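Before any comments, here is the structure.
No lab work stands behind these numbers, since they all come straight from the coordinates. Everything numeric in this text was worked out from a predicted model, so none of it was measured. Note: ideal-geometry Cβ built from the backbone for every residue, glycine included; neighbour counts use all protein chains shown.
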Amino acid sequence: MPTVHVDLGARSYDVMVENGLLARAGEAIRAAGLKGRAAIISDETVARHHGAALSAALEAAGISSDLHLVPSGEASKSMARVEELCSSLAAAGHDRRSFVVALGGGVVGDLAGFVAAVFYRGIPFVQVPTTIVAQVDSSVGGKTGVNLAEGKNLLGAFHQPALVLADPQVLATLPDREYREGYAEVIKHAAIRDAGMLADIAALDPATREVPADLIARNIAIKARIVEADEHETKGIRALLNLGHTIGHGIEAAVPYGEMLHGEAISLGLCAALFLSEKHAGLAAAESREILGLLRHFHLPLQLDPAITTERVMQKLGRDKKFEGGNIRFVLLRAGGDAYLSEAVTKDDLVEAVELLRGTVE
C-alpha cells in the first residue's frame, strides 16, 4: 500500500492510497489515534454512493458517527453552509472531543475542513477524497475555505488533516466529466515537478477508469514535499502549485459557481500559462504541445466560451490571492518539471493570454 508521509512536525500525517481502503477506513482512523464521535460531512451525490460504506466501516471499528449533508456543487462552498453545518454538528451533540470526516471531492473537503477548523475553535478531521482532483491535490496540504461572490477561496484557514484515505476504486462512480477534470491537476503536477510523469499520463486510457494507486501516490508526494517546504505559502515555493490557477480561477469565478468544473478551468489556465511560459521563460514550443496534447487526450477544454468576456475574467483576477499589493505573481515553466514564480508577467500579458484562448489552441 503506497503511503505518503507529510512531515509538518506536530501537524504531520499520513496519506494512505489503496484499492478497497474505504472499507477499512474505521480501522485506519483508529490506528491514527483518533477518538470520539465522527461527524461525516458529505454531499448528497457522494453520500448515495459511499455514505453507507463509510458509516459501516466506522461502526466496525467501534466509532459512532452521523451524517451531515450539503447540496452537491461549488455553490455549497459558502459561509452560509459553514454556519448550517456547525449548527447541525452542535445540535447532534458534537463537541471538541469529536472529529470530522470529509467524504467527497474538493468542495466537500474544503468546506468540511473549514468547519473542522472553526468548530469549537478547531477539531481534528480526516479526508476521504472521492474525486481525482481531491485525491491527488486538494485533500493534502491543509488549505480549507469557502468562496465569496468576489472570488474563490477568499475565506479560509490552514488546518491540516489528521489522516487522508484515498481509495482509487471510488473513482469508478464519477460521471465522465468529473472523472476527466481531475487529470488537469495530475498534468499540472507533472509539469511543475516530474516531467517523466508526462509519458506515464499519456499511456493511460481515459475510457478504462483505472487510475493506478502508484500514480496517485506519486502526485501526492509532489504536493507533500512542496507543502513541507512552504506550509503557509510564505516562501514562494507552495505557489508553484498554482500553475494554471491564476487565469483558471479567474475563468472559473467569471461564471456562476459550478457551471464550469475546477479542472476544466485549470485546463484553460494551463493553456494560457504555457503561452506565457513560451513568451517569458523560454519554454520550448514542443514541450507546450506535449502538455496541450495531454489535456486534449483527456477531453479537457482548450478554448474559452465566447460568452465569458475578457473584462469579466480580468475583474475576477484582480481579486485573486495570488496578486500581492497589486503585483502579479505568476507561475511559469522554463521546461517540463522546472517551474518558478515570476513577476515579469504584466496585465497586458494576461489580457493577451485570455484572448488567445478564444482561438484554436494548437
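By average Cβ neighbour count within 10 Å, what is the ranking of 112-121, 289-298, 96-105, 68-77 from highest down? Please report the intermediate quantities before stating the final value.
Working: 112-121: 22.0, 289-298: 18.3, 96-105: 24.9, 68-77: 19.9.
Listed from highest to lowest mean packing, they are 96-105, 112-121, 68-77, 289-298.
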message: Using only the alpha-carbon atoms, how far is helix 262-280 inclined from the longest principal axis of the chain? Give it as 0 to 90 degrees, nearest 10.
response: 40
query: What order do you get for 346-353, 211-218 when each peptide is scored by the mean count of other beta carbon atoms within 10 Å, highest first?
result: 211-218, 346-353
- request: For segment 184-194, just list the computed ³J(HN,Hα) in residue order, Karplus coefficients 6.51, -1.76 and 1.60, θ = phi - 60°, integers in Hz, with x standing in for Gly and Pro.
  value: 4, 6, 4, 5, 4, 4, 4, 5, 8, 9, 8
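Determine, from the Cβ-Cβ distance of residue 19 and residue 225 and an R0 of 22 Å, the FRET efficiency 1/(1 + (r/R0)^6), rounded to the nearest 0.05. Provide the component values of the computation, followed by the final result.
Numbers: r = 24 Å, r/R0 = 1.11.
Approximately 0.35, to the nearest 0.05.
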query: How far is helix 285-297 tilted, in degrees, relative to the longest principal axis of the Cα atoms in the chain, given as a value from 0 to 90 rounded to the nearest 10?
result: 40
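Which ordering of 111, 270 is given by a fewest-first count of other beta-carbon atoms within 10 Å?
On the way: 111 26, 270 30.
Taking fewest neighbouring Cβ atoms as first place, the list is 111, 270.
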task: Provide the percentage of antiparallel DSSP beta bridges, counting only those with both residues in the chain; round to the nearest 5.
output: 45
- prompt: Hey, what number do you get for the chain at 222 nm if only DSSP H runs of n ≥ 4 count, each worth -39500 (n - 2.57), divided across all residues, to the nearest 500?
  reply: -11500 deg cm²/dmol
message: Classify segment 1-155 from the C-alpha gyration tensor, please: rounded if a/c falls under 1.5, else prolate or oblate depending on whether a/b exceeds b/c.
response: rounded
message: Residue by residue through segment 165-182, what is 3J(HN,Hα) from phi via Karplus (6.51 cos²θ - 1.76 cosθ + 1.60, θ = phi - 60°)? Round to whole Hz and write x for glycine and proline.
response: 10, 10, 10, x, 5, 5, 5, 5, 8, 6, x, 3, 4, 5, 5, 5, 4, x
query: How far apart, in nm, are the 7 Å Cα→Cβ label points at residue 208 and residue 278?
result: 3.2
statement: Candidates 143, 223, 235; GNM for the chain (alpha-carbon contacts under 10 Å) flags as most fluctuating 235
field: segment 199-264-segment 95-160 distance, computed between alpha-carbon centres (Å)
entry: 16
query: So which aspartates and glutamates can residue 77 reach, going by Cα to Cα under 12 Å and dropping same-chain residues fewer than 8 places off?
result: 43, 110
query: Taking θ as phi - 60°, what are the ³J(HN,Hα) couplings along segment 236-242 by the Karplus curve (6.51, -1.76, 1.60), each to the nearest whole Hz, with x for Gly and Pro?
result: x, 8, 4, 4, 4, 5, 8
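Give, in nm to one decimal, the length gained when the segment between residue 64 and residue 148 is fully stretched (0.36 nm per residue of separation minus the Cα-Cα distance). Display every interim value, and only then the final one.
Numbers: separation 84, 0.36 × 84 = 30.24 nm, distance 3.41 nm.
The span from residue 64 to residue 148 would gain 26.8 nm if fully extended.
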message: Residues of segment 238-264 with backbone nitrogen within less than 12 Å of a virtual label 7 Å along the Cα-to-Cβ line of residue 351, please, listed as ranges.
response: none
